[in-house]
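J.: Below: one structure in structure tokens.
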Amino acid sequence: MVQGVQGWAKRYVEVYARWREDGRIEPLAVVWGDGRRFDVERQFGNPQRTMSRKVSGGGLRYDVQVGGKRTHLWLEDVGTRVSPTGRRWFVEEVIPE
């Protein structure tokens with residue numbers, strides 16, 4: 001484990017994104033459940049379809065910079081009653097010790 005980190009949790013978040021005419025999705029900001037907004041300062045490369053090694057689930061992983069730190073933002077593909085389109089955004093939230 002990482003010092004000061006008890007574990008990780010999947011946190012669903014609201015994301016403001018731009019849909020490009022070629023079909024690409026560009027995340028612009030992440031909104032936390034309490035209303036705090038964090039701008040996506042940079043995106044590294046193209047999103048990759050993969051699984052999270054820290055929390056259950058996966059989908060398209062966007063490598064982004066938020067608050068000066070590089071992190072992952074996931075676009076999950078699941079069909080649920082909560083999200084009829086089958087897509088929800090999540091982050092790997094740190095659970096501190």
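The values are calculated or read from the model by the stated rules, or taken from the named source; none is laboratory data. All values reported here derive from a predicted model rather than from experimental measurement. No Cβ is skipped: glycine too gets one built from the backbone with ideal geometry, and neighbour counts run over all protein chains shown. We work out accessible area using only protein heavy atoms, side chains counted, and drop any ligands, DNA or RNA first. Shrake-Rupley method; radii C 1.70, N 1.55, O 1.52, S 1.80 Å.
J.: Out of region 31-47, which residues are of a type in the set (A, V, I, L, M, F, W, C) and either outside any strand (DSSP E or B) or over 14 Å from D63 (Cβ atoms) (or both)?
T.: Selection gives V31, W32, F38.
J.: May I pose another question? Tell me which of these P27 doesn't satisfy, since it passes every other one: (1) open to solvent by less than 70 Å² (accessible area, probe 1.4 Å); (2) part of a strand (DSSP E or B); (3) out of contact with any strand residue (DSSP E or B) (no Cβ under 8 Å at 6 or more places or on another chain).
T.: All conditions pass for P27, except number (3).
J.: Take region 48-63 and flag every residue that is part of a loop (DSSP other than H, G, I, E, B), touching a strand residue (DSSP E or B) at 6+ places or on another chain (Cβ under 6 Å) and open to solvent by 50 Å² or more (accessible area, probe 1.4 Å).
T.: Once the filter is applied, which keeps residues that are part of a loop (DSSP other than H, G, I, E, B), touching a strand residue (DSSP E or B) at 6+ places or on another chain (Cβ under 6 Å) and open to solvent by 50 Å² or more (accessible area, probe 1.4 Å), region 48-63 yields only K54.
J.: In the list V30, V66, V2, which residue meets the criterion of being at pLDDT 95 or above, of a type in the set (V, I, T) and farther than 17 Å from R88 by Cα?
T.: Numbers: V30 fails: farther than 17 Å from R88 by Cα; V2 fails: at pLDDT 95 or above.
Unique residue meeting the criteria: V66.
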